[in-house]
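Reviewing the structure listed below.
The values are calculated or read from the model by the stated rules, or taken from the named source; none is laboratory data. Source: prediction; values computed, not measured. Using ideal geometry, Cβ is built from the backbone for each residue, glycine included, and neighbour counts are taken over all protein chains shown.
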Amino acid sequence: MAPRFLSVAQLQTGMVLAGDIIVSHSGLLLCSKGEVVGGPMIDKLRSWGIEYAAVEHNYDMRREETLEQVECLRQKVHDLFQAIVFRRSPELTGLTDAVEEMVISLDRLDLHFFRQALAQLKRKDGYTFVHCLEVGLGALLISRQLGCRREDMVHHCLGATLHDIGKLSLPRAILTNPGKLTEEEFDIVKHHPAIGIKVLKAAGMHHPLVLNAVAEHHERQDGLGYPYGRSCDQITLAGQITAVADVFFALLSDRPYRKAWCPLRTFEYIHSQKGIQFSHETADALIDSLSPLYLTGMRVLLSDGSSGTVEKVDPRLPHRPSVRLENHVVDLRNCPEIAVISA
């Protein structure tokens with residue numbers, strides 16, 4: 001199908017370029033075919049006087065299908081949480097079916113729009129609810145990056161989506177406490193993985209990948225996590241995947257006790273905790289799979305006074321991205337004298 005030619009004013013975040021965009025008089029490559037449109041790209045095109053761009057024709061269909069997937073998943077998780085809160089018997093079949101459908105259609109979904117839809121939900125729904133959806137999506141992308149089988153991807157996503165289900169039984173005053181928890185309160189919080197396992201088993205869920213994700217999402221590589229104090233290879237892959245996704249999305253969110261971190265700082269933190277909190281394998285997979293959604297296209301200010309947009313991220317050095325400036329690309333891995341000072 002032929003691409004669509006749109007004016008720059010008609011471009012929308014999440015569209016995909018169907019061809020390179022080149023400055024005619026100089027031959028400078030501004031944007032490459034396959035790049036996802038974002039606010040910084042649109043600003044750059046305007047600043048260079050670019051009037052039109054070719055985008056993939058199936059954008060509207062991808063966006064509509066993505067919205068349907070988000071809404072279906074949201075409704076299933078909402079119904080499940082409501083059943084637990086009101087002490088009804090939770091039904092997991094619908095959620096499992098929704099996750100299976102999302103895995104099957106993953107390559108067709110517009111993940112940038114998926115992220116935007118979750119951000120909109122975060123403004124009106126509770127933290128735990130939307131956080132579980134985010135962690136589920138993150139676990140799905142991490143497991144795909146690791147080359148997991150489709151069946152395992154389904155259960156990694158399902159377990160991560162359900163990882164905090166035990167928190168629904170904790171006192172709300174503890175969960176919304178803006179200050180530091182007392183030792184007694186923290187002991188109560190540390191019971192939520194076990195509570196989650198109990199709830200899931202009572203609902204008929206016995207798949208080991210799902211249960212391991214719930215049981216081990218607070219375990220850490222150095223053995224300082226809870227509730228079992230497991231370390232390194234004692235923690236299953238499902239637990240490792242959910243642990244790193246859980247921390248990543250928690251840091252990106254406003255909490256009663258702190259403001260949300262910016263994506264660049266969050267990726268740098270995940271990188272710094274490889275071998276301490278998180279396995280090298282799962283941390284690298286998170287950075288590889290999620291940096292295109294959260295860093296690529298982000299506007300940054302560099303220490304030499306220049307500004308540009310993040311073009312590429314090395315999972316080994318996420319805080320040293322390649323940045324596209326006005327007329328060239330600077331790879332911060334090769335420029336130790338330059339750093340990102342704000343994003």
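Listed values, structure above:
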read-out	value
Within segment 242-263, tally of residues that are in contact with a Ser or Thr (Cβ under 8 Å, 6 or more places away or on another chain) and more than 20 Å from Ser289 (Cβ to Cβ)	2
Selection from segment 143-170 of residues that are assigned to a loop (DSSP other than H, G, I, E, B), of a type in the set (A, V, I, L, M, F, W, C) and either without any contact (Cβ under 8 Å) to a residue 40 or more places away in the chain or surrounded by fewer than 24 Cβ atoms within 10 Å (Cβ to Cβ) (or both)	Leu146, Cys148, Leu170
Residue within segment 74-81 that is closer than 27 Å to Pro263 by Cα and in contact (Cβ under 8 Å) with a residue 60 or more places away in the chain present	yes
Residues of segment 267-304 classified as free of Cβ contacts under 8 Å to residues at least 24 places away in the same chain and either assigned to a helix (DSSP H, G or I) or among the small types (Gly, Ala, Ser) (or both), total	3
Selection from segment 231-248 of residues that are in a helix (DSSP H, G or I) and either over 18 Å from Arg144 (Cα atoms) or of a type in the set (D, E, K, R) (or both)	Cys232, Asp233, Gln234, Asp246, Val247
Filter result for Ala285 (in contact with a helix residue (DSSP H, G or I) (Cβ under 9 Å, 6 or more places away or on another chain), surrounded by 22 or more Cβ atoms within 10 Å (Cβ to Cβ) and modelled with pLDDT of 90 or more)	yes
Odd one out for Pro90 among (1) over 23 Å from Gly196 (Cα atoms); (2) surrounded by 14 or more Cβ atoms within 10 Å (Cβ to Cβ); (3) not aliphatic (A, V, I, L, M)	(1)
Filtered residue count, segment 184-231, keeping only those that are of a type in the set (Phe, Trp, Tyr) and surrounded by 14 or more Cβ atoms within 10 Å (Cβ to Cβ)	2
Filtered residue count, segment 322-342, keeping only those that are closer than 19 Å to His271 by Cα and in contact (Cβ under 8 Å) with a residue 40 or more places away in the chain	3
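Condition check ((1) of a type outside the set (Ser, Thr, Tyr); (2) assigned by TED's automatic domain parsing to the domain that holds Leu146; (3) modelled with pLDDT of 95 or more) across all residues:
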site	(1), (2), (3)
Gly239	yes, yes, yes
Phe248	yes, yes, yes
Ala260	yes, yes, no
Gly305	yes, no, no
Gly308	yes, no, no
Val313	yes, no, no
His319	yes, no, no
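Here's the yes/no breakdown for (1) over 22 Å from Pro292 (Cβ atoms); (2) touching a residue at least 40 places away in the same chain (Cβ under 8 Å); (3) buried (at least 16 other Cβ atoms within 10 Å of the Cβ):
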| residue | (1), (2), (3) |
| --- | --- |
| Gln10 | yes, no, no |
| Ala18 | no, no, yes |
| Gly34 | no, no, no |
| Lys44 | no, yes, yes |
| Ala54 | no, yes, yes |
| Arg62 | no, yes, yes |
| Val70 | no, yes, yes |
